[in-house]
Ligand SMILES: Nc1ncnc2c1ncn2[C@@H]1O[C@H](COP(=O)(O)OP(=O)(O)OP(=O)(O)O)[C@@H](O)[C@H]1O
Ligand SMILES: [Mg+2]
């Protein structure tokens, strides 16, 4: 499914999600409407339990709403079979996780190649594409390293390279910086933003951390399942660390 310029990448129309726990109903999302356009760099911000992960899972087609509609490139995801939905997801959306989710016995290069191999690309093509992506995230010199030999920031950069390997139109990252110190967190966000703007890939990431909101295009605040869009740069600027010289970049 190639995406077009005509439609938002993903659109939520009055989407609600509730969970039933015994007698009580939890409204994780309440009537959320949202359109994500190609190349936008978007933060979902809010306290624990506010619905950030639920929103990320719906935007990433990992879950379905209790009511309302999710559209991917203009197509109502609710009309797709499970197979069609997972094919659309695998072709178009990359994911980055809080715990990096790298395979410990594989090298950085093999981890990044993995999604292409599942998609049956040839080994040589997958290897070349993975090497390019690792160079892009500043890890050209770490291709043969296993995750255990890399810092958290480096592991998350491998995960970002893996998320980008299929050239997705959208990357969904649920708390990608939760396990990083604040300097690495800012750098990972800056890297994602750079890639987003350079390649036109839309990014949606969630965070508790207000300090990461400075450089986003759009700021979506979640509170008790309700989404409010906040204007950008309404609080004092927090300096983002300066770009790291290429020689140092691998040591984050
Ligand atoms: N599978 C589930 N079953 C029952 N309740 C759930 C389930 N998943 C989420 N919830 C509830 O829905 C609400 C929103 O949860 P969600 O995980 O989306 O919040 P969050 O903002 O991501 O929180 P955190 O910052 O802690 O990750 C919470 O009250 C949560 O307990
Ligand atoms: Mg969460």
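You will find that of 66, 107, 33, 48, the residue that is closer than 30 Å to residue 149 by Cβ and modelled with pLDDT of 95 or more is 107 and no other. Using the structure shown, decide if residue 139 is buried (at least 17 other Cβ atoms within 10 Å of the Cβ), within 27 Å of residue 88 (Cα to Cα) and out of contact with any strand residue (DSSP E or B) (no Cβ under 7 Å at 6 or more places or on another chain). The answer is no for residue 139. The stretch 4-67 holds strands (runs of 3 or more DSSP E) entirely within its bounds, and those carrying 3 or more residues that are crowded, with 21+ Cβ neighbours inside 10 Å and more than 16 Å from ligand 2 (Cβ to nearest atom) map to 10-21. In the set 164, 134, only one residue is under 23 Å from residue 219 (Cα atoms) and crowded, with 17+ Cβ neighbours inside 10 Å; that residue is 164.
So is residue 184 closer than 17 Å to residue 96 by Cβ and not in a helix (DSSP H, G or I) or not? For residue 184, the condition - closer than 17 Å to residue 96 by Cβ and not in a helix (DSSP H, G or I) - is not met.
May I ask you to verify whether residue 192 is within 14 Å of ligand 2 (Cβ to nearest atom), touching a residue at least 24 places away in the same chain (Cβ under 8 Å) and either farther than 13 Å from residue 36 by Cβ or assigned to a strand (DSSP E or B) (or both)? So residue 192 fails the test. Taking the conditions exactly as written (at negative phi and assigned to a loop (DSSP other than H, G, I, E, B)), does residue 114 satisfy them or not? Spelling it out, it is not the case that residue 114 is at negative phi and assigned to a loop (DSSP other than H, G, I, E, B).
The values are calculated or read from the model by the stated rules, or taken from the named source; none is laboratory data. Please read all numbers here as calculations on a predicted model, not as lab measurements. Reconstructed Cβ throughout: ideal geometry from the backbone, glycine too, with neighbour counts over all protein chains shown.
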